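One structure is given here, and the rest of the page talks about it.
We did not get these values from a lab; they are worked out from the coordinates using the rules stated. In this text the structure is predicted, and so the values were computed from the model without any measurement. Reconstructed Cβ throughout: ideal geometry from the backbone, glycine too, with neighbour counts over all protein chains shown.
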Amino acid sequence: MKFPWRSVKARSEGGASRGAGACYESESVVESQAVPGVRLRIARISFAGRLELMRRVRELARRAEFLDAGKDPADKMDAALLQAEIERLYVTWGVKAVEGLTVDGIVAGPDALAAGPESVFREALAAVRREFGLSEEERKNS
């Protein structure tokens with residue numbers, strides 16, 4: 001199992017004028033390609049955010065890896081379930097707000113994305129993983 005410890009380059013919006021310092025936006029906006037009009041506000045990774053998420057994912061990832069190594073089909077199913085829980089954790093941690101989506105008549109928030117269109121959930125997951133700086137191989141192991 002690999003943990004993404006490397007740091008993502010700091011981003012700043014626009015140029016900082018002399019003596020004004022840097023400007024850091026803690027969220028970015030992603031427009032949904034699957035459902036037009038839906039916008040996701042994604043948390044930008046910080047050291048504290050990376051640490052918090054790693055702590056939350058660590059034990060689930062260990063258990064999933066252990067179960068996936070087994071030969072019993074039930075273990076494989078449990079590993080897939082844990083992987084889905086990890087994906088949901090990434091989305092609920094990384095998506096700060098959802099605009100333009102209602103689920104069963106209720107304005108969707110990060111927790112409700114899993115109950116909405118799967119395509120939007122997958123977009124949100126991909127956006128959080130991009131922000132977190134996971135490579136394709138690390139995405140398979142997280």
### Query
HN-Hα J couplings of segment 41-54 from phi, Karplus 6.51/-1.76/1.60, θ = phi - 60°, integer Hz, Gly and Pro as x?
9, 9, 5, 7, 6, 10, 4, 5, x, 4, 4, 4, 5, 4
### Query
What list of ³J(HN,Hα) values in whole Hz, one per residue of segment 124-131 in order, does the Karplus curve 6.51 cos²θ - 1.76 cosθ + 1.60 (θ = phi - 60°) give from phi, with Gly and Pro shown as x?
4, 4, 4, 5, 5, 5, 4, 5
## Note on the structure
HN-Hα couplings for segment 71-79 via Karplus (6.51, -1.76, 1.60; θ = phi - 60°), in whole Hz with x for Gly/Pro, come out as 9, 6, x, 5, 5, 4, 5, 5, 5
### Summary
Listed by chain and number, the residues whose amide H is under 5 Å from that of ALA97, excluding neighbours fewer than 5 places away on the same chain and using placed H, are ARG41
#### Entry: Fewest-first ranking of TYR24, TYR90, using other Cβ atoms within 10 Å as the exposure measure
TYR24, TYR90
### Query
Spin-label point model (7 Å from Cα, Cβ direction): what's the GLU59 to SER46 distance in nm?
2.6 nm
